[in-house]
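Structure record follows, encoded as structure tokens.
The values are calculated or read from the model by the stated rules, or taken from the named source; none is laboratory data. Note that the structure is predicted; figures quoted are calculated from it, not measured. Every residue, glycine among them, receives a Cβ derived from its backbone with ideal geometry; neighbour counts consider all protein chains shown.
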Amino acid sequence: MITTTTLTRTAAVLAVAMASTMAQAAAPMAKFQAPGFYRTTLGDFEITVLNDGTIDLPVDKLLKQPPAKTNAALARSFEKSPLETSINAFLINTGNKLVLIDAGAASLFGPTAGKMLANFKASGYKPEQVDEIYISHMHGDHVGGLAANEQRVFPNAIVRAGKLDADFYLSQSNLDKATGEEKEDFQGAMMSLNPYVKAGKFQPIVANSELVPGIKSYFNGGHTPGHITYVVESKGQKLALLGDLLHVQAVQFETPGVGVTFDTDSKIAIAERKEAFAAAAKGGYLIGAPHLSFPALGHVRVNGKGYDFVPVNYALPR
């Protein structure tokens, strides 16, 4: 027989169940990612890719080809313009030196960037542990993370970059002559590098050389006057960090002859990109770049007159 007590208990159970369901449905969207670092090994070296966030780029207007071609290539990769584009840096632990290659944008590129330092710390390191920092070029999304409030973020690090870039972007006369948005490139570089210059912690790179055992610099030019790529090698394994030789992987692997308005000299940048892709495809070694989709590591494979980018398989560091 169903009693009043039974009905009361049943109603109470249903009320609790409904309340639980309503509470779960009302949970807010989390709207954040896991810490943005990815770790792998290269011979005896440990590589940590650090994400600084993303920036939306109107790549259909920035690439030097008809917008329709850019949009068609993006659509084949299920993307569209403006393209949410990664900003990455690379941390190399050689066992003897801790080397950071590029430093993200910090506050120079808006609220969706500037996460490199938090991800650096989340990866298990402290800023004072960095021995050397190598900059591919002095655009703000590569140097902004070096300084904050006119202070060095990495207090013990030597910063190195191409002398041609240093002479160009750290020149007060060039800043004085610049107009409009061009001024921001000079101001960002000066704000980021000058604390190291004043402390005697900046050393320009004047020639292709081995900077520390296992990491070499190679001048490219084209994108900026002193643009440099860095090649990391250990135990026969190789990683080429291409800097801004490429910006849009959905377009510039398939058609490496497409330039971008950011280049100082697109003709040189295109030639260097073609050479870098051909060498990586032939050699079978890894490449990485600040604007490849995080975690920004993979291989290059020939595909007709162009190339495919094959991202690394997720793996735990061993």
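Quick look at the numbers
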| read-out | value |
| --- | --- |
| Selection status of K267, of a type in the set (D, E, K, R), on the phi > 0 side of the Ramachandran plot and in contact (Cβ under 8 Å) with a residue 40 or more places away in the chain | no |
| Check on G298, under 20 Å from the mean Cα position of the chain (by Cα), surrounded by fewer than 22 Cβ atoms within 10 Å (Cβ to Cβ) and modelled with pLDDT of 95 or more | yes |
| First in the stretch 149-162 and at positive phi and surrounded by fewer than 22 Cβ atoms within 10 Å (Cβ to Cβ), second anywhere and not in a strand (DSSP E or B) and not polar (S, T, N, Q), Cβ under 9 Å, 6 or more apart | E150/M191; E150/P195 |
| Yes/no for A276 being outside any strand (DSSP E or B), among the aliphatic types (A, V, I, L, M) and either touching a His at 6+ places or on another chain (Cβ under 8 Å) or surrounded by 22 or more Cβ atoms within 10 Å (Cβ to Cβ) (or both) | yes |
| Residue count, the stretch 163-179 (criterion: assigned to a helix (DSSP H, G or I) and surrounded by fewer than 18 Cβ atoms within 10 Å (Cβ to Cβ)) | 8 |
| Unmet criterion (only one of (1) within 14 Å of S293 (Cβ to Cβ); (2) in a loop (DSSP other than H, G, I, E, B); (3) touching a helix residue (DSSP H, G or I) at 6+ places or on another chain (Cβ under 8 Å); (4) not charged (D, E, K, R)) for Q33 | (3) |
| Residues located in the stretch 275-293, provided they are within 23 Å of L83 (Cβ to Cβ) and either among the small types (G, A, S) or out of contact with any Leu (no Cβ under 9 Å at 6 or more places or on another chain) (or both) | A276, A280, G288, A289, S293 |
| Some residue of the stretch 199-212 being touching a residue at least 24 places away in the same chain (Cβ under 8 Å), under 28 Å from N93 (Cβ atoms) and among the hydroxyl-bearing types (S, T, Y) | no |
